[in-house]
Amino acid sequence: MSIATVSRVINGKGNVSEKTRQRVLSVMEEAGYRPNIFARGLGLHSIRMVGVMCSDVADIFYAQAVSCLENELRGLGYDAILCCTGDDLAHKQKGIELLLSKHVDAIILVGSVFKELHDNSHIERAAAQIPVVIINGRFELPGAYCVLCDDRRAMAANVQALAKAGRRDILYLYDSESFSGISKLAGYQDGLREAGIAYRDELVVQCGKGLEQAREAVLGVLGQGRRFDGLAAAEDLLAVGALQALREQGIPVPGEVGVIGFNDSILARCAFPPLSSVDNKVGALCETAVRVLMGVFAGKNVPQQTVLTADLVRRESF
């Protein structure tokens, strides 16, 4: 069977008998092949559309990233199609399949939640067909490219900054065991070690995702008599919940407790007192991700991994 015949079946053009058409479709089904009718490999034009996946666009970080990606892509003549999957692996796998069925030219994954601890086969299959870029995650797969912020080093720097200000009992508040969450926890431990402070399990607290969950977690720590004079949070939302708990208990910030958040979102500027937070360069991450993708499209030799450095933005909470 000739390539031209297969191409006519895929594109629905030319004279092909029904028997031949069904034979081609049957082989494609058995092989699990999803043809992109606009793929450059067939010598045709791209549809100039990129799939963007995030777990929840209601999240401030993800919303900002999606907006930035869409603007960057639009400026280069590409459209974006958004798929929000939640955290469930089955939904992430379905999202990948959906985007592939739309024949997108590439997929950008926003957030380390797409880096699974055990099964990344769906990402591997997608990257074998089209370029895949992940923001704030790390894969070592052909066709996959990683653009991330050095969250580990940033969190270590937060702890060191608190320690240099005389804070020795530093509470760590986090909500996720994603790739980024694990990196930040490791950074907290690095920072303690570099500052000569002993690690204490009772000062590491995992809470649910949300402001109220963070508030309740900090109130629980205080209610158990565990005292701390510094607090490093993995997300701004958690830090704001902590600020509420401290205010309820009459504990002045930063007088008795210095607090640092992460992401430098609008929450940091709206908090009371205004929250010191890590700028993890969401805009630069998105611009870099799109630049990497354009390089891949152009056939250039682009790095599999690009790492950006974060900055601490100091405000009144520390």
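Take the conditions within 25 Å of residue 120 (Cα to Cα), at pLDDT below 95 and not hydroxyl-bearing (Ser, Thr, Tyr) and apply them to residue 209. Does it pass?
yes
Say we look at the stretch 132-163 and pick out the residues that are open to solvent by 20 Å² or more (accessible area, probe 1.4 Å) and in contact (Cβ under 8 Å) with a residue 24 or more places away in the chain; which of these is farthest from the chain's Cα centre (by Cα)?
Among residues in the stretch 132-163 that are open to solvent by 20 Å² or more (accessible area, probe 1.4 Å) and in contact (Cβ under 8 Å) with a residue 24 or more places away in the chain, the one farthest from the chain's Cα centre (by Cα) is 160.
Going through the stretch 86-116 one residue at a time, which ones are surrounded by 14 or more Cβ atoms within 10 Å (Cβ to Cβ), of a type in the set (Gly, Ala, Ser) and either under 13 Å from the mean Cα position of the chain (by Cα) or on the phi > 0 side of the Ramachandran plot (or both)?
The answer is 111, 112.
Go through (1) within 23 Å of the chain's Cα centre (by Cα); (2) under 13 Å from residue 215 (Cα atoms) one by one and return the number of the condition residue 248 breaks.
Unmet condition: (1).
Could you tell me how many of the residues in the stretch 47-80 are over 15 Å from the mean Cα position of the chain (by Cα), of a type in the set (Asp, Glu) and open to solvent by 70 Å² or more (accessible area, probe 1.4 Å)?
So the answer is 2.
Here is a check on your reading of the model: is residue 70 assigned to a loop (DSSP other than H, G, I, E, B) and out of contact with any Ser or Thr (no Cβ under 9 Å at 6 or more places or on another chain)?
no
Please state which of the following conditions residue 182 fails to meet, knowing it meets all the rest: (1) under 30 Å from residue 29 (Cα atoms); (2) without any contact (Cβ under 8 Å) to a residue 60 or more places away in the chain; (3) surrounded by fewer than 19 Cβ atoms within 10 Å (Cβ to Cβ).
Going through (1) under 30 Å from residue 29 (Cα atoms); (2) without any contact (Cβ under 8 Å) to a residue 60 or more places away in the chain; (3) surrounded by fewer than 19 Cβ atoms within 10 Å (Cβ to Cβ) one by one, residue 182 breaks only (1).
So residue 83 ticks every box in (1) open to solvent by 10 Å² or more (accessible area, probe 1.4 Å); (2) in contact (Cβ under 8 Å) with a residue 24 or more places away in the chain; (3) in a loop (DSSP other than H, G, I, E, B) but one. Which box is left unticked?
(3)
Would you tally the residues in the stretch 230-255 being in contact (Cβ under 8 Å) with a residue 12 or more places away in the chain and exposed (fewer than 14 other Cβ atoms within 10 Å of the Cβ)?
Qualifying residue count for the region: 2.
When you check residue 284 against the structure, is it at pLDDT 95 or above and within 26 Å of residue 204 (Cβ to Cβ), yes or no?
No, not satisfied.
For the stretch 215-229, state whether one or more residues are of a type in the set (Lys, Arg) and open to solvent by less than 20 Å² (accessible area, probe 1.4 Å).
No: the stretch 215-229 contains no residue that is of a type in the set (Lys, Arg) and open to solvent by less than 20 Å² (accessible area, probe 1.4 Å).
Which of the residues spanning the stretch 99-131 are touching a residue at least 40 places away in the same chain (Cβ under 8 Å), β-branched (Val, Ile, Thr) and under 16 Å from residue 89 (Cα atoms)?
Matches in the stretch 99-131: 110, 113.
For the stretch 215-318, which fully contained helices (runs of 4 or more DSSP H) count at least 3 residues that are in contact with a strand residue (DSSP E or B) (Cβ under 6 Å, 6 or more places away or on another chain) and over 26 Å from residue 166 (Cβ atoms)?
Fully inside the stretch 215-318 and qualifying: 282-297.
Taking residue 278 as the residue in question, decide whether it is in contact with a helix residue (DSSP H, G or I) (Cβ under 8 Å, 6 or more places away or on another chain), open to solvent by 20 Å² or more (accessible area, probe 1.4 Å) and of a type in the set (Val, Ile, Thr).
no
The values are calculated or read from the model by the stated rules, or taken from the named source; none is laboratory data. These numbers were taken from a predicted model, which means no experiment stands behind them. Glycine also receives a Cβ, built like all others from the backbone with ideal geometry; neighbour counts cover every protein chain displayed. Surface accessibility is based on the protein's heavy atoms, side chains included, excluding ligands, DNA and RNA. Shrake-Rupley method; radii C 1.70, N 1.55, O 1.52, S 1.80 Å.
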